[in-house]
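The values are calculated or read from the model by the stated rules, or taken from the named source; none is laboratory data. Since the structure is predicted, the reported quantities are computational estimates derived from the model, not experimental observations. Glycine gets a Cβ as well: all are built from the backbone with ideal geometry, and neighbour counts include every protein chain shown. Keep in mind that these areas ignore ligands, DNA and RNA; they rest on the heavy atoms of the full protein, side chains included. Shrake-Rupley method; radii C 1.70, N 1.55, O 1.52, S 1.80 Å.
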Amino acid sequence: MTDKTYNGWTNYETWLANLWLGEDSYATEEISNVCLDLMGSFDDKSDVDYRLGDTIKNILQGYIDVAEDPQCGFVTDLISAAFQEINFREIAGHFYDELKEEQE
């Protein structure tokens, strides 16, 4: 089995997704707001990470939907394959940890 970790993240795709989210102030604010709401509703970090992961997945899917061209089947398939490798819960945990640290 090959180690696919990248810069401390599960893999390159997860690292890259987090990098792009960090550069998008709208996405960062949206994720932070959802995370804070979830933190107020759930005591268990894993519950927050799971639900926040879905939010992150939807935001990133929006990037793909905007860029998709029906005539670029190969590129769309390649992007979809890479998208499947993203660990959304890991990114959610990163946002959770940063917000928790800011609150303390």
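The residues of the chain have, on average, 68 Å² of accessible surface per residue, using a 1.4 Å probe with all protein chains present.
In summary, the lysines within cross-link reach of Lys45, defined as a Cα separation below 22 angstrom excluding same-chain residues under 8 places away, comprise Lys57, Lys100. Entry note, the chain: relative contact order of 37 percent, from Cα contacts under 8 Å with a spacing of 6+ residues. The candidates Leu38, Leu16, arranged from most to least accessible area with a 1.4 Å probe in the full protein assembly, appear as Leu16, Leu38. A simple spin-label model places pseudo-atoms 7 Å from Cα toward Cβ; at Ser46 and Glu98 they are separated by 2.5 nm.
For the chain, the fraction of 1.4 Å probe accessible surface lying on carbon and sulfur atoms is 50 percent.
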